[in-house]
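Below you'll find the structure, written out as structure tokens, and then a few comments.
Nothing in this text is a laboratory measurement; each read-out follows from the coordinates by a stated rule. In this text, all values refer to a predicted model and were calculated from it rather than measured experimentally. Ideal geometry is used to build each Cβ from the backbone, glycine not excepted, and the neighbour counts take in all protein chains shown.
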Amino acid sequence: MTVQPDPWKGAAKRLARELGLTAWSVEPFGPDGFRFVHLGPPRITSVIATRAEHDGQEWLHASIAHPDAMPTWEELKAVKVALIGAARFAYLVFPPAWQYVNQHPYALHVWARWDESDGAALPDFVGSWFARTGELSV
């Protein structure tokens, strides 16, 4: 079994680089995570990074929130790159209504497998699309 490195080591520096925001405060969050807060300008930004077991698998979780506005798609992508990595799959989840949890009205979340077994979580949607159409869109 391969020992995984600490995913949060250097996370504040990676967030600063990817989001272009410096001066993050860092505090422990949950049993194995951190909360990163940037007080602005241009606005207050909170990023939470955790690791936990769900259905027998270890998952990384990252979220970004502002107190008064939904984060942009670009901000969510930057958090994914900073905390999960550019080369890994991460998932935005839309559960059934009865399983929905909303702790913050302006937060977006992504999840990734801790063991990097990306293929085990979802099918390869891109490969089948490319095979049928010969094109990719970004």
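Some notes on this structure:
- Net charge in the neighbourhood of P71 (other residues with Cβ under 11 Å of its Cβ; Lys, Arg +1, Asp, Glu -1) is 0.
- Temperature 25 °C, viscosity 0.890 mPa s: under these conditions the Stokes-Einstein estimate for segment 11-133, based on its Kirkwood radius over C-alpha pairs, is 158 µm² per second.
- Once the Cα-Cα distance is subtracted from the 0.36 nm per residue extended length, the D6 to L39 segment shows a gain of 9.3 nm.
- Label point at N102 placed 7 Å out along Cα→Cβ; residues across segment 41-72 whose backbone nitrogen lies under 16 Å: 65-71
- Neighbour-count ranking [beta-carbon atoms within 10 angstrom, fewest first] of T50, T22: T22, T50
- Coupling constants for segment 47-57 follow from the phi torsions by the Karplus curve (6.51 cos²θ - 1.76 cosθ + 1.60, θ = phi - 60°), and in residue order they are 10, 10, 10, 9, 9, 7, 8, 9, 6, x, 10 Hz; glycine and proline get x.
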